[in-house]
Amino acid sequence: MAGQRIALTAQRIEGASCPPGARQALVWDSVQPGLVLRIYPTGRKVFLTFYRVGSGRRAPQRWDQIGLADAISLKDARSAAKAKLGAVAKGGDPAGERRAEAKRQRDRLEPALDAYEADLERRKVVKRGEVLSLLRRELLKPLGNVDLATLTRNDLVKRIGEVEASGRPGAARELRKVAAVFLGWCADHGKITASPLAGWRRQRKTRAERLERPGRALADWELPELWKAADTQGWPFGLYLKMLLLLGQRRTETALMAWSDVDLDQGVWTVPPEITKSGRLHKIPLPPQAVAILRTHKRAAKSDLVFPGRRNQPMTGWSKRLPALYKLTAKAEMPRWTLHDLRRTVRTGLGRLGVDRVVAELLIDHAISDELAAIYDRGDYWHLRVEAAGRWADHVMGAIEAVDQVVSLRAAQ
């Protein structure tokens with residue numbers, strides 16, 4: 001706290017400087033107790049109020065900034081220091097209260113989500129876009145920018161229940177999972193003392209629920225209907241749907257398909273390990289039908305993504321993209337389906353076409369035993385995957401062409 005103690009004037013403030021080699025210089029005003037001018041080596045000058053919280057020389061010290069010396073007059077600085085010291089005399093702590101308020105603002109839901117997103121981006125988490133979109137849509141929007149410390153388990157259970165009651169059980173399960181991870185992260189980073197979802201266990205499934213299999217595989221007659229509906233979608237979503245149906249890969253990994261990972265001449269799409277769910281490099285054979293689609297596919301000028309979303313970012317927002325498509329497929333009397341059902345359709349179809357089980361699992365990057373992987377995941381077995389991918393693509397296009405021929409015959413009659 002060492003420094004000069006003089007009666008500050010505008011001229012003295014203007015002429016004050018920081019000694020060479022010093023980190024700062026302090027000038028104490030002898031007119032107004034507690035008013036200090038801090039001078040930095042850069043020439044920046046700031047008015048501060050110095051006080052102690054409590055009595056005695058061992059009481060905690062506080063430095064409370066008033067403002068820049070070139071932006072506030074000396075008279076106003078003295079008035080501000082006097083007011084702050086008056087608040088301290090009444091038991092207040094202006095600097096501590098301001099820091100506490102700043103922390104409360106940082107620990108609200110919206111800035112916490114922003115910080116969480118930055119951390120996921122730093123760690124290169126693949127599904128960060130989907131995770132943050134879900135949290136902002138299903139928590140931030142309905143609950144508002146609440147103080148995390150006031151967020152209770154009842155609030156979260158009620159919100160997740162509302163999502164499920166709206167006919168979106170899958171979204172409710174996903175919200176529960178990602179909210180628990182997010183709140184655990186908040187606790188780890190000191191934004192809350194403990195996650196309100198800690199210890200909340202999922203209700204044990206009944207026998208009937210265990211026997212119920214989620215999702216479905218599309219029937220052959222539905223393939224042309226979905227393809228026709230995809231044709232009505234704008235670029236690039238319609239082509240993205242066709243690629244899901246032809247290749248059977250995960251929706252996020254397909255949304256992250258990059259031109260730099262695609263070799264159209266060789267008919268290979270190589271998914272880097274940092275993108276795959278399995279965490280290992282995954283090579284996917286591209287059948288001629290997929291290659292033809294990609295060769296005629298419009299490319300974004302400023303993105304390497306094959307299917308870029310808004311502002312050339314990875315495609316997300318399925319809940320906004322799918323309703324219009326569902327209306328079209330419902331008119332064709334197709335039962336409700338999901339994007340993941342397209343993956344189930346490919347895997348089921350491969351089995352119906354007689355493709356070896358292990359080859360089918362390798363094709364869609366499902367985990368298999370190390371022994372089987374050692375046998376099948378070799379370069380000289382690549383042709384089995386190429387053949388399987390081609391058989392499925394031929395099957396899909398055959399179903400579509402058969403419908404087209406029927407339509408053409410009816411039109412001719």
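The values are calculated or read from the model by the stated rules, or taken from the named source; none is laboratory data. The model shown is predicted, which means the values in this text are computed figures rather than measured ones. Here Cβ is always computed from backbone atoms with ideal geometry, including for glycine, and neighbour counts include all displayed protein chains.
The residues of the range 300-335 that are basic (K, R) and touching a helix residue (DSSP H, G or I) at 6+ places or on another chain (Cβ under 7 Å), listed by number, are K302, R321.
For the structure I just gave you, tell me whether Q24 is surrounded by 13 or more Cβ atoms within 10 Å (Cβ to Cβ), among the polar types (S, T, N, Q) and in contact with a Lys or Arg (Cβ under 9 Å, 6 or more places away or on another chain). Judged against the criteria, Q24 is a match.
Scanning the range 332-370 for residues that are within 18 Å of G398 (Cα to Cα), assigned to a loop (DSSP other than H, G, I, E, B) and of a type outside the set (A, V, I, L, M) gives a single hit, G354.
Considering L226, L247, L197, L175, the condition of being modelled with pLDDT of 95 or more and within 29 Å of L120 (Cβ to Cβ) is satisfied by L247 alone. Is it true that A360 is among the hydrophobic types (A, V, I, L, M, F, W, C) and either more than 29 Å from E401 (Cα to Cα) or touching a helix residue (DSSP H, G or I) at 6+ places or on another chain (Cβ under 7 Å) (or both)? Yes; evaluated as a whole, the condition is true for this residue. Candidates in the range 209-220 are the residues that are out of contact with any helix residue (DSSP H, G or I) (no Cβ under 6 Å at 6 or more places or on another chain) and either modelled with pLDDT under 85 or more than 18 Å from G248 (Cα to Cα) (or both); of these, the one that is surrounded by the most Cβ atoms within 10 Å (Cβ to Cβ) is P214. Of all the residues in the range 182-199, those that are surrounded by 14 or more Cβ atoms within 10 Å (Cβ to Cβ) and either among the hydrophobic types (A, V, I, L, M, F, W, C) or in a helix (DSSP H, G or I) (or both) number 8.
Against the definition (in the same structural domain as R12 (by TED's automatic domain parsing) and touching a Ser or Thr at 6+ places or on another chain (Cβ under 9 Å)), how does D76 come out, yes or no? Spell out the reasoning first.
Values: in the same structural domain as R12 (by TED's automatic domain parsing): yes; touching a Ser or Thr at 6+ places or on another chain (Cβ under 9 Å): no.
It is false that D76 is in the same structural domain as R12 (by TED's automatic domain parsing) and touching a Ser or Thr at 6+ places or on another chain (Cβ under 9 Å).
Would you mind finding the one in A172, A149, A179, A165 that is more than 21 Å from E110 (Cβ to Cβ), in contact (Cβ under 8 Å) with a residue 12 or more places away in the chain and either of a type outside the set (K, R) or assigned by TED's automatic domain parsing to the domain that holds W200 (or both)?
Working: A149 fails: more than 21 Å from E110 (Cβ to Cβ); A179 fails: more than 21 Å from E110 (Cβ to Cβ); A165 fails: in contact (Cβ under 8 Å) with a residue 12 or more places away in the chain.
It is A172.
Considering each residue of the range 331-354 in turn, at least one proves to be within 22 Å of R251 (Cα to Cα), surrounded by fewer than 17 Cβ atoms within 10 Å (Cβ to Cβ), modelled with pLDDT under 95 and of a type in the set (D, E, K, R).
Take the range 300-311 and flag every residue that is outside any loop (DSSP other than H, G, I, E, B) and either within 15 Å of the chain's Cα centre (by Cα) or free of Cβ contacts under 8 Å to residues at least 12 places away in the same chain (or both).
So in the range 300-311, the residues outside any loop (DSSP other than H, G, I, E, B) come out as 305, 308, 310-311.
Matches in the range 300-311: R310, R311.
For the range 66-89, does any single residue satisfy the condition of being crowded, with 18+ Cβ neighbours inside 10 Å and touching a Cys at 6+ places or on another chain (Cβ under 9 Å)?
Our first condition is that a residue be crowded, with 18+ Cβ neighbours inside 10 Å; within the range 66-89, this holds for 66, 69, 74, 77-78, 80-81, 84-85, 88.
In the following step, the residues that additionally are touching a Cys at 6+ places or on another chain (Cβ under 9 Å) were identified as none.
So far as the range 66-89 goes, no, none of its residues is crowded, with 18+ Cβ neighbours inside 10 Å and touching a Cys at 6+ places or on another chain (Cβ under 9 Å).
Looking for something modelled with pLDDT under 85, assigned by TED's automatic domain parsing to the domain that holds G190 and closer than 30 Å to G279 by Cα - is there at least one such residue anywhere in the range 115-124? Yes - at least one qualifying residue is present in the range 115-124.
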